[in-house]
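Chemist: Pasting a structure here, questions to come.
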Amino acid sequence: MLKVSGFSLLEMLMSIALSSVVIIGCTSFYAQLQTNIMQYYQRINLQKNVDSAMIGLTKDIKRAGFIANDPSKIKMKALEINHQQNCIIIRYDSEIRHDWVYNPIYKNNSDVFTYRYKKNNLEYKTGAVNCQGANWEKLFDPTEFKVTRFVIKQRTNSIEILLAAELLNNKKINYQVTKIIKNENLF
């Protein structure tokens, strides 16, 4: 009599059950990995946006008070902090014109640069001599990010800026940076 070799019903059921456990484990690991990768990407994107805004603000603060070849022409405050409106106004000779230019008609050619915190966003405007008005450029996409804090502190020889933001769709993803900026023209 020939002996037929193969798997018994019990062995088949055990192998199917074991394979199912392995496949379910791999599937849940893959889903968790995808979630972690997406959160990592969102965190990096938030950090990049906050750092980019801080770099522009830092450059303007470092330049405040600069007038090419003739600092005696300074007639206005080079740096004004309005704590009530959470705003900073910065003046410097941006195009080496040997003076601070302010043109109320062509404000984009002015040497006045203003940042303000309004409606959970950091806004920027060239030629704004106060923290009022419309047509401000938002530095963060309001559909993606929410700026939670913007604090400006004048120190003895420097300016301290704190900027914090979070994602709108996931408040657990947030980022905060504090920078101390020294300006050779002012201090």
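Chemist: Need the failing condition index for R91 against (1) within 27 Å of E160 (Cα to Cα); (2) among the basic types (K, R); (3) loosely packed, with under 15 Cβ neighbours inside 10 Å, just the number.
Modeler: Failing condition for R91: (3).
Chemist: Given the criterion among the acidic types (D, E) and within 30 Å of L46 (Cα to Cα), identify the matching residue among E184, E160, E95.
Modeler: Of the residues listed, the single one that is among the acidic types (D, E) and within 30 Å of L46 (Cα to Cα) is E160.
Chemist: Looking at (1) farther than 30 Å from N174 by Cβ; (2) part of a helix (DSSP H, G or I), find the lone condition where A31 falls short.
Modeler: (1)
Chemist: Suppose we filter region 60-101 for residues that are acidic (D, E) and more than 25 Å from the chain's Cα centre (by Cα); how many remain?
Modeler: 4
Chemist: Continuing with this model, one more query. Suppose we filter K125, K118, K179, K146 for residues that are surrounded by fewer than 16 Cβ atoms within 10 Å (Cβ to Cβ) and of a type in the set (K, R); which single one remains?
Modeler: One residue alone meets the criteria, K118.
Chemist: Please specify each residue of region 37-80 satisfying the condition of being in contact with a Leu (Cβ under 7 Å, 6 or more places away or on another chain), more than 14 Å from S94 (Cα to Cα) and hydrophobic (A, V, I, L, M, F, W, C).
Modeler: L46, V50, A53, M54, L79
Chemist: Another question, then. Mind checking which strands (runs of 3 or more DSSP E) fall wholly inside region 90-187 and carry at least 2 residues that are farther than 17 Å from G56 by Cα?
Modeler: Correct list: 145-154, 159-167, 174-181.
Chemist: Also: Go through region 43-85 and count every residue that is in a loop (DSSP other than H, G, I, E, B) and more than 30 Å from N169 (Cα to Cα).
Modeler: So the count comes out to 12.
We did not get these values from a lab; they are worked out from the coordinates using the rules stated. Everything numeric in this text was worked out from a predicted model, so none of it was measured. Here the Cβ is made from the backbone with ideal geometry for all residues, glycine too, and neighbour counts use every protein chain on show.
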